Amino acid sequence: MSNVPQELRYTKTHEWISLNEDGSVTVGITDHAQHLLGDLVFVELPEVGDTFAEGDDCAVVESVKAASDLYCPLDGEIIAHNEALADAPELINQDPYAEGWIFKLQPDDSGAYDALMDADAYSELIAEQD
Amino acid sequence: MPFIPHTDNDVEDMLRAIGADSIEDLFAEIPAKLRAEGLEAIPEAINEMDISRLMRERADQDSRTLCFAGAGAYEHHIPAAVWELTTRGEFYTAYTPYQAEASQGTLQLLYEYQSMMASLTAMDVSNASLYDGASALAEAVLMAVRANRKSKSKRILMPRTVHPDYRRVANNIVRNQGIVLEELDYDRSGGHIDPDSLPADPGDFTALVIPQPNFFGVLEEVDALVNWAHEHGALVIAVVNPISLAILTPPGEWGETGADIVCGEGQPLGAPLSSGGPYFGFMCCRQSFVRQMPGRIIGRTTDLEGKTGYTLTLQAREQHIRRSKATSNICTNQGLLVTAATIYMSLLGAQGLERVALACHENSMKLLAALGETQGVSKLFNRPLFHEAVLQFDLPVADVMRALSVQGIIGGVSLAEDYPELGNSILICATETKTEADIETYTASLKRIAMRLTANRCPVQPKMA
């Protein structure tokens, strides 16, 4: 059974989102997603300063099996990316919700986070897909 | 076993299984206006005897000429062993078999090829080859746009000293992606891109293409060009002749930090001219850009028993996995030509390749010196050369070339169409295959032709003394 932390928000495309104190959000891929992908070998990170709309592909996670796009969960601007993944993409496999974070985004709309899927809804979604 | 594995019965069975009446039904969704109405220009099929005769006649038109033309395709001596080995059954397929890893020999060869190319260009990695030099440049441009994340411009600076055909092919392939190839003019006395003429503030651009040697055979000031491009946040795409790398500084060592992507035509490495193809393209790059490199890459690994094995690597970027988001639509390599190139390089070795390059250079210098003495012929451009040069005539070039060809000499390639500003000019080349006697034959013929054409043009006969 995949780990789905209660305090996070989710997307249908298996990104997790956490709200930071300064109003920015941190984004990564879920435990379920990293299981499906298998051992990650490379992460193509978005550049700081890039802006994306919700649903835009903004990063690529590449495993031994496949390269998959990461979709931006909210409209906004990239304010940081996880440099550690350049040398250690396996951090996403080992610790998808902390060390394996991928980027930080400053959302255009501060309320947009609240509209994202909660942990129960995401758990239901992946249960249906299994 | 029939060459085409689908018999009429097979086709019928398959159509029945999917509930279609005919093969035509499978294409029903393609609108009629987008379909080709037959191929009228393709003649009727002919039998083997007739096609053999036709091909022999065509081949005869090409043979027994003394060729001083280069311009992207070069006549080199190919040791007999190269094609003797390349055409062995184990290699003689244009394609890497499916389940590529079952063909360890083919993969090892490609791996050796990649190692040689990386070493020749002084770059970190090479792919397993592309279709030809021109499309390799197009792929390099696309790759630079993907790889240069600092620049959003899709603007590529493309010197006019890059082969005109390469520029046309590259433009054809990249223009629909909004990529602009912006021409950089060359210095009229040097025949190169003068680094001092480069703008101090060129604006945002993605990459600078640097040909070495350039289309005129002239050596570019690569160090200054590379440093200038990098100072402005652009990548450097080197277009090089692989033979020349045996004596010239490899692109990986140009300027402060070297070129970023290297590409070119592989034909000089063991492929005959054969009226224009098939040839192969090569591409190398820095390790940090390897995921943006198109095409296949073979890696060396160890199997479960600890033995060395070869495998396709970084396939996750390719079409069968990434579909429309694949790095490029290249999903194969020019296997047979690369086999020949690998054997060619193995037979010559580093020293042999260097001797070939030096012999090309020396012969071109001899040819230039000999032709330069001819009345009405002068050498353009005062910069150092590899094995080609531009000559300017007082006479109409087309007439001179035609007269030479009647005597079985391909005297060079006219530049009139692509470089009208150079007047009656041709590009000439002498590789290691040309002897002193060949050069003498050319010079003597040219002198006779020049004399005759000059005499014909003279409206009044000079008075006898």
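Cross-link reach is defined here as a Cα-Cα straight distance under 26 Å, omitting same-chain residues fewer than 8 places apart; for B:Lys307 the lysines meeting it are A:Lys65. Taking all Cα pairs closer than 8 Å and separated by 6 or more residues, the relative contact order of chain B comes to 20 percent. The distance between label points at B:Ala350 and B:Thr257 comes to 2.7 nm (points 7 Å beyond Cα on the Cα→Cβ vector). Note on A:59-68: average number of Cβ atoms from other chains within 10 Å of each residue's Cβ is 4. With R₀ set to 41 Å, the beta-carbon distance separating B:Ala437 from B:Arg35 gives a calculated FRET efficiency near 0.10. If a/c stays under 1.5 just call it rounded; otherwise compare a/b with b/c (prolate if a/b is bigger, oblate if not). Do that for region A:23-119, with a ≥ b ≥ c from the square roots of the Cα gyration tensor eigenvalues. Because a/c hits 1.5 or more and a/b exceeds b/c, region A:23-119 counts as prolate. Using a/c under 1.5 as the rounded threshold, could you call region B:34-108 rounded, prolate or oblate? The axes a ≥ b ≥ c are square roots of the C-alpha gyration tensor eigenvalues, and prolate needs a/b larger than b/c, oblate otherwise. Taking the square roots of the gyration eigenvalues as a ≥ b ≥ c, region B:34-108 is oblate.
With a Förster radius of 41 Å applied to the beta-carbon distance between B:Gln319 and B:Ala398, the computed FRET efficiency rounds to 0.35.
Candidate membrane-span-like segments in chain B, meaning DSSP H helices with Cα atoms spread over at least 30 Å of their own axis and a Kyte-Doolittle mean of 0.0 or above, are B:335-372, with no membrane implied. In this structure the amide hydrogen of B:Gly70, modeled in the peptide plane, comes within under 5 Å of the amide hydrogens of B:Val413, B:Cys429, none closer than 5 places in sequence on its chain. Shielding by partners for peptide A:35-48, expressed as the average number of C-beta atoms from other protein chains within 10 Å of each residue's C-beta, is 1. In terms of the mean number of neighbouring beta-carbon atoms within 10 Å, the peptides B:174-184, B:22-32 order highest first as B:174-184, B:22-32.
Taking amide H as placed 1.01 Å from N in the peptide plane, the amide H of A:Met117 sits under 5 Å from that of A:Tyr10, each at least 5 places away or on another chain.
Extending 7 Å from the Cα toward the beta-carbon at both B:Thr302 and B:Asp62 defines two label points whose distance is 4.8 nm.
Using Stokes-Einstein with the Kirkwood hydrodynamic radius over Cα pairs, what translational diffusion coefficient do you get for the protein assembly as shown at 20 °C and a viscosity of 1.002 mPa s, in µm²/s rounded to a whole number? For these conditions, the coefficient is 77 µm²/s. Can you pick out the pairs among B:Lys33/B:Lys154; A:Lys104/B:Lys150; B:Lys154/B:Lys379 whose Cα atoms lie more than 31 Å from each other? Distance filter (> 31 Å) returns B:Lys33/B:Lys154; B:Lys154/B:Lys379.
Set the Cα radius of gyration of region B:349-457 against 2.2 N^0.38 Å, with N its number of residues, and you get 1.09. I want to make sure I understand the PRE zone here: with the label point 7 angstrom from the Cα of A:Thr13 toward its beta carbon, which residues in region A:103-125 have backbone N atoms less than 16 Å away? Within reach of a label on A:Thr13, which here means backbone N under 16 Å from a point 7 Å along Cα→Cβ, region A:103-125 contributes A:103-105, A:116-117. log10 I(q)/I(0), Debye, Cα-only chain B, no solvent, q = 0.06, 0.10, 0.14 Å⁻¹? Log10 of I(q)/I(0), two decimals: -0.32, -0.85, -1.40.
Averaged over the residues of peptide B:308-320, the number of Cβ atoms from other protein chains lying within 10 Å of each residue's Cβ is 2. Couplings 3J(HN,Hα) for region B:252-263, derived from phi with the Karplus relation 6.51 cos²θ - 1.76 cosθ + 1.60 (θ = phi - 60°), are x, 10, 6, x, 5, 10, x, 5, 9, 10, 10, 9 Hz, where x marks Gly and Pro. Working from label points 7 Å from Cα in the Cα-to-Cβ sense, the B:Arg175 to A:Glu99 distance is 5.2 nm. Within a straight-line Cα-Cα reach of under 20 Å, B:Lys366 can be paired with the following aspartates and glutamates, leaving aside sequence neighbours fewer than 8 residues apart in one chain: B:Glu75, B:Glu354, B:Glu388, B:Glu432, B:Glu436, B:Asp438, B:Glu440.
No lab work stands behind these numbers, since they all come straight from the coordinates. Bear in mind the structure is a predicted one, so any value in this text is a computation, not a measurement. Note that each Cβ is placed from the backbone with ideal geometry, even for glycine, and that neighbours are counted across all protein chains shown.
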